[in-house]
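Quick notes on the structure that follows.
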Amino acid sequence: MSFLAWLLVSVGLMLLLAAWAVWHRGQRISRCIAELLALPADMHPLRWPEKAHPILASAGVAGIDWDGVWFGDAVSGHWGPPTEANWPCQTLHAGPDCQIELRWADVARTDEARALTLAVVDVFAQTWLSRMRERTQAVAVALAQRAHVQLYWQHDMRNLAQWVGLLAEEFSTATAEQLPRLAQRLQRQAPLLQARAQKLLAATEAPAATQAKGTPLADARHLLENAAELAGLALNVHAPQGAPNLPALPLDGPQAEALERALDNIFSNIARDSIARHAIAPMSCECRVQDGALHARMHTPKLATPWPRRAFEPLKSATGSGMGLYQARRSLRDAQGDLQASDEPQGVIFSIVVPLSTPQRQEI
């Protein structure tokens, strides 16, 4: 065989061996990537480099070094040879409180091997970043939910404070002849206030899910009457004209809480109005059941102060917190209900919808 033939055979064998080596390394890199992606999803993000260490080493990564902040705390880690200035660097940014700077070194001898190793490093870094963001987003969602609930608690405490203020005002201006009547009213209201206070205290001590579990059903009619009583207002709850008497109006815990919160806000606003507070005739609330939900239309007397436009817009009111009516509607909508209001010649009409605990299909 001529020298040229031997040369061609040798070159072919060398190319074959090189192709086999690249294929073999590619298979190993593919296996390393699969192992990285198979690591437990519920693992804490800061344990990710430790668990990925054997896989990265198998892929040809000689060492990594990382440091940064994790929710305000300094964190760092290292394995492999001492960090050098020429190691490649990448910053993993998962929000203002979580940033990590990652550096790595590889032992690849060729550009092809280095490119394959870099693919593993990229999967490692992007998966780590994804898990960091999952944790920070979960924290953000939890904080937003807690803030949402705390706004409701603040709203409920404000309603109780407004009741105390109105009662103190009445007692401070009452004559000796009026004091027995006010004392009797306070005695009637005491059980209602005690139940409100206990429920508010329980809400601040236990998760909402625990509170709702096992909560007895509430009667919507009693909630309407009790909320008006606490505000010192008279309310006549009735069925539409010509309809039979109202049936039972049972509400589950979340729906009852939402309705109570909305009513407290509505009545506390009405009670501050001079005309409504001293009206002789009771307010009227017409209730009917349709499609498994309570539909209530509550009529107020003509108010001394004109009803504001876009009253449910948050932070619009110059008085109070500017969030009361917005939160009242939001609370009912969270419970799959709704709250609307319209200013009519005879007064404001509040339209309330709240789902009942059991479907009431018969319209009244």
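Considering only protein heavy atoms and a 1.4 Å probe, what is the carbon-and-sulfur percentage of the accessible area of segment 211-296?
51
Rounded to the nearest Å, what's the spacing between the alpha carbon centres of segment 325-351 and segment 53-106? Just the number, please. Cα centroid to Cα centroid, the span is 55 Å. Less than 5 angstrom separates the built amide H of residue 303 from those of 348, all sequence-distant by 5 or more or on a different chain. Quick one: with all protein chains in place, what share of the accessible area of segment 37-79 is carbon or sulfur, to the nearest percent (1.4 Å probe)? Solvent-exposed carbon and sulfur of segment 37-79 make up 56 percent of the total.
Please work out whether segment 166-298 counts as rounded, prolate or oblate from its C-alpha gyration tensor, where a ≥ b ≥ c are the square roots of the eigenvalues and a/c under 1.5 means rounded, while otherwise a/b larger than b/c means prolate and anything else oblate? Don't skip to the end; give the middle numbers.
On the way: a/c = 2.32, a/b = 1.21, b/c = 1.92.
Oblate shape, in that a/c is at least 1.5 and b/c is the bigger or equal ratio.
Under the combined filter of DSSP loop state and at most 13 neighbouring Cβ atoms within 10 Å, segment 50-140 retains these GluC sites (Glu not before Pro): 84.
The figure for residue 141 is an accessible area of roughly 80 square angstrom, using a 1.4 Å probe on the protein chains alone. Phi-derived couplings, Karplus 6.51 cos²θ - 1.76 cosθ + 1.60 at θ = phi - 60°, listed residue by residue for segment 189-201: 7, 4, x, 5, 5, 5, 5, 4, 5, 5, 5, 5, 5 Hz, with x used for Gly and Pro. For segment 73-79, the Karplus equation 6.51 cos²θ - 1.76 cosθ + 1.60, evaluated at θ = phi - 60°, returns couplings of 9, 6, 10, 7, x, 6, 8 Hz by residue, with Gly and Pro reported as x. Ranked from largest to smallest solvent-accessible area, with a 1.4 Å probe on the protein heavy atoms, 222, 238 come out as 222, 238. For segment 255-336, the solvent-accessible area with a 1.4 angstrom probe is 48 square angstrom per residue.
The values are calculated or read from the model by the stated rules, or taken from the named source; none is laboratory data. As the structure is a computational prediction, the values presented were derived from the model and not from experiment. With ideal geometry, Cβ positions are generated from the backbone for all residues, glycine too; neighbour counts draw on all protein chains shown. With ligands, DNA and RNA removed, areas are computed over all heavy atoms of the protein, side chains included. Shrake-Rupley method; radii C 1.70, N 1.55, O 1.52, S 1.80 Å.
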